[in-house]
Every structure is written in structure tokens, then in C-alpha cells.
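Below is one structure, written out as C-alpha cells, with a few remarks after it.
Derivation of every value follows stated rules applied to the coordinates shown; laboratory data play no part. As the structure is a computational prediction, the values presented were derived from the model and not from experiment. Reconstructed Cβ throughout: ideal geometry from the backbone, glycine too, with neighbour counts over all protein chains shown.
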């Protein structure tokens, strides 16, 4: 069930991250939602096909862009320290 719902979201996240758009918030949101998806997969031992590993890893990488990194830091600072 998780795979059917969350793999399409990972694919959508990858499209955002690989796109040429300059929307830093969208790229940060894609990375953060991917982190949460990987957490769910790990917590519930969801089987992921080997060809999907590359997508998973690419979705966890922040683009090397100053604006994206600044937006990422703003987002991280919104989390409770106990969660991190």
C-alpha cells in the first residue's frame, strides 16, 4: 500500500528537483517530503525494487544552490529540536 502511494510522489519530487525552475521552496519541499517517505519505508520495512534506489537517493540530495540551501535552513529551523 505504501509503495503504490509514495513511489509516485517520489517520482514527482525527482521531477521538481531535476527541473530548471528556480522555486527554492518547491525544491526544499520535495527533499523534505522524500526524507519523510524514506523514513516511512524504513519504519515499516517497505520493500523497494532495486531500480527505485537511485530515485530514492536522488530525491534526498539538495541542489547546489544558495537560495535552496537558505530555504532549507529556514525549514529545518521550524522543526522542534526534539524531533531532529
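Structure summary
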{"read-out": "Folded to 0 to 90 degrees: helix 24-43 orientation relative to the chain principal axis, Cα", "value": "30"}
{"read-out": "Cα→Cβ-extended label distance, 7 Å offset, between residue 80 and residue 46, nm", "value": "2.3"}
{"read-out": "Full-extension gain in nm, residue 23 to residue 73, via 0.36 nm per residue minus C-alpha separation", "value": "16.5 nm"}
{"read-out": "Label-point separation in nm, residue 54 to residue 35, each point 7 Å along Cα→Cβ", "value": "2.6"}
{"read-out": "Normalised contact order of the chain, rounded percent, pairs of Cα under 8 Å and 6 or more residues apart", "value": "37"}
{"read-out": "Inter-centroid distance (Cα atoms) of region 63-84 relative to region 1-53, Å", "value": "17"}
{"read-out": "Among [x] 1.01; [y] 0.95; [z] 0.98, the entry that matches Rg/Rh (Cα atoms, Kirkwood Rh) as calculated here", "value": "[z]"}
{"read-out": "Contour excess over end-to-end distance, with Cα ends at residue 66 and residue 1 and 0.36 nm allotted per residue", "value": "19.7 nm"}
